[in-house]
Amino acid sequence: MLPDAGGEDEDKWLAEGIAGLQHNAFYMHRALDSNNLRDALKYSAQMLSELRTSRLSPHKYYELYMRGFDELRKLEMFFKEETRRGCSVIDLYELVQHAGNILPRLYLLCTVGSVCIKSKEVPAKDILKDLVEMCRGIQHPVRGLFLRSYLCQISRDKLPDIGSEYEGDGDSFIDAVEFVLQNFTEMNKLWVRMQHQGPIREKERRDKERRELRDLVGKNLHVLSQIDGIDLDMYKDTVLPRVLEQVVNCKDELAQHYLMDCIIQVFPDEYHLQTLETLLGACPQLQPTVDIMTVLSQLMDRLSNYATSSTEILPEFLQVEAFAKLSNAIGKVIDSQPEMPIFGAITLYVSLLTFTLRVHPDRLDYVDQVLGACVKKLSGKPKIEDNRATKQIVALLSAPVEKYNDIDTALKLTNYPRIMDHLDNGTKKVMAVVIIQSIMKNNTYISTAEKVEALFELIKGLIKDMDGTQDDELDEEDFKEEQNSVARLIHMLYNDDPDEMLEIIQTVRKHILLGGPKRLSLTVPPLIFSALKLVRRLQVHEGDEVTEDVPATPKKIFQILNQIIEALSSVPSSELSLRLYLQCAEAANDCDLEPVAYEFLTQAFILYEEEVADSKAQVTAIHLIIGTLQRMTVFGVENRDTLTHKATGYSAKLLKKPDQCRAVYACSHLFWVESQDGIKDGERVLLCLKRALRIANAAQQMANVTRGSSGPVTLFVEILNKYLHFFEKGNPQITSSAIQGLIELIMTEMQSDSSPSDPSTDAFFSSTIRYIQFQKQKGGAMGEKYEPIKI
Amino acid sequence: MNYIIGAFKPPCIIKIIFSDSKTRKQASIKKENGQTTMVPLFQSQETISGEVSIEPFHGKKVEHIGVKVELLGQIELYFDRGNFYDFTSLVRELDVPGEIYERKAYPFEFSTVEMPYESYNGVNVRLRYILKVTVSRNYVSNIVEYQEFCVRNYSTPPTINNSIKMEVGIEDCLHIEFEYNKSKYHLKDVIIGKIYFLLVRIKIKNMELEIRRRESTGSGPNTYVETETLAKFELMDGAPVRGESIPIRLFLSPYELTPTYRNINNKYSVKYFLNLVLVDEEDRRYFKQQEITVYRLLE
């Protein structure tokens, strides 16, 4: 009786026990040395009496036991010698039974029993039968477990197994099996009984202690698994039913879980496969609290490993209908345990699915069946709140995706989206991300509109707002991350056939346009570019066949694009739309579709006018427009004039003078395109530049007035550079004297400046000058051209 | 001094030698002073023969009015000190009155002596066999010499030897059924048995089997009963549950048992009992006692 024994007390008791044990062991050794059997028996019995203590926890008891164990090895050696000296082993077997205390008596009996078997004077099976029977005398759980574990230990190499030197007449291995089974049964009973001993409040501690002892029980199963005599039939008819009977009948959660696990781990997979029905039949009979799902998962893991270990085994799986049995069993387990949390049920399905995927990768119908069962279980239940359950569903859904490396296959599973429906919105998104990642990782191209449709059905959590989601809950960054993945996904939707590709684009468009303002700006661009890619592809093939009934013509695509961008611009996301328009315009230009390009540019201008209000944005926009326009070659004179006129007009109307100035000199490029049939209108270039100069001047004066200091001379230097550019390009309107004048102007500006000069401007100017000098010195045509410029 | 002591000392040495003393088996018996000594072992119906030698001390003579040897079977009850009951008494006259000057030997023989009772040395009673040589003298006390010997009688295995089987218990508390394979055991026998636990509602700590000897002496109101526990043999450690069966295997050889003696010469009885004891965690003892018969099997 130890109510609340502290660890300290226990240590003390252990020390006392060890001291007592060693004391008697000393006298025992002396007796052994002098060949005094009587004293040896007396002191060994006294020594073993230390093991009668009830005060130690199993952990400490084990320590004591191990010391006793070591001493018993020496005693065993002595007994062996004693029999060699002529002492009958049978007499010895009787002699040790004279001990009055049962525990020492049985330890000694087991020890002599071991010698007895080795001497082969008595058949091993008789001794073993006697020992395992006599051990019933110890009903104290801990002491009994250790004693029987000792028995198991000394007997494991002496079982009358097939091929063993102790094999007797007839089927003596049956006796070996019988022996181990009986020892196992008794040990398990003791182990289970342990929980009922002592006050209830210490149950937790006892459970812990029991867990520490479980391997003693499990060892029997291990020994059993190593008996060669057990073939499949024997296992099927005797061993497994007996073990399972014990497992089921002990009605103890801890034991059932551990032992089921043990059975699965120690016996060969092949046996499991052939006895699947029996094994699985036991599962629904276990206590409802037993964690069957881990057990079954283990089993399925092992089986699937086994299945993949060799291709020859697979037919066996088919033959025993492993899948059907497992699936059936899982159904039964779930039905028989209505208390089981949804999480558990799903975990089971995950394991089954993993099994199916590994064993029958070709049977998509099985996979779908598993998912179907899961749907059935989930149906009628509200959306899952449990965190773990959600995780398991994610695992369930990820498994096929990962396995097939190919979302294509997953898309064929009809139950797949139905399970997704049971997820909450957050998880749906997570799942969608998983799917997308899988696609990205494996570079899977989704090649039909139909699949795209299915896919978007799966990831709809990302595509559009779900009912009841509060947008503000979302972290901005996460949101962008998600949408980025969608954007990446769009690029994975691809088909070589332009018509199908167009279909895909249409489908995607349909979905993403539902996305709402926040998403559009992130998802539209990839779609646009994807479409543009198609356009470019068509452009390459253009010459080959131009039939009217082909739906995928650039024109048509541009129409769609226009609609998409329009949708985007109404979001409003004007700057982005504007850029996209310009992109499209460029593409149209490349396709030689003047009206389309014109239309796009017009749209761009309209957007500029109506939507782009911010001055900075305007600057950027106008520069973009100018840049695009500059590259356009498709326009006729009239259209071109209109557009360039517009562009220059807007440039001059920018809010800030420097911005105006820069935009205007940029416009100069619109009139001088360095290509074969590009426009080269020197006059208008000069006009632009002069206008820029004027604006720069005005800016300079304004700066003088307002701040009393010089304005940005930089503008002049920049304009000078433009002059030089066109001068070199051979624009006749740009003369060396004009440049000369400009240089002088700048120099005066810089010198006359009372204010401190801007170092970067200085540097810019001086390097410009250096460039001119360099060109002059270089000589040749260019040198000559530069000659007149004096510095 | 020597002279004075010499005056009270017997003038001769008397020796009793059994004729087959070299070959005869011996047994140890306990003397009054607690020491054990080895004496010849006989059984009933044996012939006890030997030689009595009388050797006077040098230069002395022994005058006597007759020499005799007696074979006595005595029962001595300790509470009735000094009272011997001779249940057997045989006499052989060895010499007619006369004088002995030198060593003289007298052969004797008691043929097929009836010795129905075994030698026994108990708590309150002793049964012993002695040879008593008496040199009778006039005026001075007789010279007497004793030689004890041991008697053991053997029996054949009983023809009927039923097992002992019994169900006992305390209502709603403890029900057990136990079984001993026999009711009659010989001295080197082994008790095999089983205890079935049919109902266990008490917290049992352990269970043991005791061998108890009950010696009752005297009769009527003067009966003295003495019980000794000769063996305590632990059968079980810990608390069993319903349905357990615990094996019994108890070797009798290590214990100093005698056969069961029933009403020896109407003076005493020695009986043996097996006492099954269950001890609970509060050290309460529950027990059930069963008599067994012990007999001596011819080896």
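Projecting the Cα positions of A:L629, A:L654, A:F146 onto the charge dipole of the protein assembly as shown (unit charges on Cβ atoms of Lys, Arg, Asp and Glu, taken about the Cα centre) puts A:F146 furthest along the positive direction. Tell me the per residue accessible area of the range B:1-113 using a 1.4 Å probe; a whole number in Å² is fine. For the range B:1-113, the per-residue accessible area is 62 Å².
The sum of -39500 (n - 2.57) across all DSSP H runs of n ≥ 4, divided by the residue count of chain A, sets its helix-only mean residue ellipticity at 222 nm to -23500 deg cm²/dmol.
Summing +1 for each Lys or Arg and -1 for each Asp or Glu among the other residues whose beta-carbon sits under 14 angstrom from that of A:L654 gives +4. Loop-located trypsin sites (Lys or Arg not before Pro) in the range B:31-109 (DSSP state not H, G, I, E or B) with no more than 10 neighbouring Cβ atoms inside 10 Å: B:R81. In the range A:185-206, the residues whose accessible area drops by at least 30 square angstrom when the other protein chains are added to the isolated chain are A:R193; the probe is 1.4 Å and only protein heavy atoms count.
Solvent-accessible surface of the range B:175-299, averaged per residue with a 1.4 angstrom probe and all protein chains in place: 44 square angstrom. Surface composition of chain A: carbon and sulfur make up 49 percent of the accessible area, probe 1.4 Å.
Rounded to the nearest 20 debye, the dipole size of the protein assembly as shown about its Cα centre is 3580 debye, using +1 on the Cβ of Lys and Arg and -1 on the Cβ of Asp and Glu. Across the protein chains, with a 1.4 Å probe defining accessible surface, the residues A:K776, B:K232 rank B:K232, A:K776 from largest area downward.
Let's test the formula: R0 of 56 Å, r as the Cβ-Cβ distance of B:S245 and A:D362. What FRET efficiency results, to the nearest 0.05? Plugging the Cβ-Cβ distance into 1/(1 + (r/R0)^6) gives 0.50. Largest to smallest in accessible area, the residues A:W672, A:W13 fall in the order A:W13, A:W672 (1.4 Å probe, all protein chains included).
Residues of the range A:130-159 whose accessible area (probe 1.4 Å, heavy atoms of protein chains only) drops by at least 50 Å² once all protein chains are present, relative to their chain alone: A:M134, A:R136, A:Q139. Counting only heavy atoms of the protein chains and using a 1.4 Å probe, B:S28 has close to 70 Å² of accessible surface.
Take chain A and mark each of the GluC sites (Glu not before Pro) that is in a DSSP loop with at most 13 other Cβ atoms within 10 Å; the longest unmarked stretch, sites excluded, is A:1-164.
Using the Cβ-Cβ distance between B:V225 and A:C87 with R0 = 41 Å, the FRET efficiency computed as 1/(1 + (r/R0)^6) comes to roughly 0.45.
Counting only protein heavy atoms and a probe of 1.4 Å, the accessible surface of the range B:71-174 is 46% carbon and sulfur. Rounded to 0.05, the FRET efficiency of the A:L655 and A:E450 pair, given R0 = 45 Å and the Cβ-Cβ distance, is 0.30.
Farthest towards the positive end of the charge dipole of the protein assembly as shown, among the residues A:A40, B:G122, A:A373, is the Cα of B:G122, using unit charges on the Cβ of Lys, Arg, Asp and Glu.
If you take the alpha carbon atoms of the range A:13-130 and fit the smallest convex hull around them, that volume is 95 Å³ per residue. Once the 1.4 Å probe is applied to the protein heavy atoms, chain A comes out at 45 Å² accessible per residue.
Charge tally around A:S225: other residues with Cβ under 13 Å, Lys/Arg +1 each, Asp/Glu -1 each, net -3. Measuring with a 1.4 angstrom probe and ignoring ligands and nucleic acids, A:C87 comes out at about 30 Å² accessible. Residues of the range B:214-236 buried by at least 30 Å² of accessible area upon assembly of all protein chains, compared with the chain on its own (1.4 Å probe): B:F233, B:E234. The interface between chain B and chain A buries about 1800 Å² of solvent-accessible area in total (1.4 Å probe, ligands and nucleic acids excluded). Using a probe of 1.4 Å, the accessible surface attributed to A:I334 totals some 10 Å² when neighbouring protein chains are kept in position. Positive end of the dipole of chain A, charges at C-beta (+1 Lys, Arg; -1 Asp, Glu), about the Cα centre: which of A:A449, A:H725, A:V295 has its Cα farthest in that direction? Projecting each Cα onto the dipole axis, the largest value belongs to A:H725.
When you filter the trypsin sites (Lys or Arg not before Pro) in the range B:135-208 for DSSP loop state and at most 13 other Cβ atoms inside 10 Å of their Cβ, you are left with B:K188, B:R201, B:K203.
Calculate I(q)/I(0) for the protein assembly as shown by the Debye formula, one identical point scatterer on each C-alpha and no solvent, and give its log10 at q = 0.04, 0.08, 0.10 Å⁻¹ to two decimals. Here the Debye-derived log intensity ratios amount to -0.51, -1.00, -1.25.
Shape analysis of the range A:586-744 based on the Cα gyration tensor places the equivalent ellipsoid semi-axes at 28, 21, 10 Å, largest first.
The values are calculated or read from the model by the stated rules, or taken from the named source; none is laboratory data. Please read these numbers as outputs of a predicted model, since none were measured by experiment. Backbone-built Cβ (ideal geometry, glycine too); neighbour counts: all protein chains shown. These area figures cover heavy atoms from the full protein model, side chains too; ligands, DNA and RNA do not enter into them. Shrake-Rupley method; radii C 1.70, N 1.55, O 1.52, S 1.80 Å.
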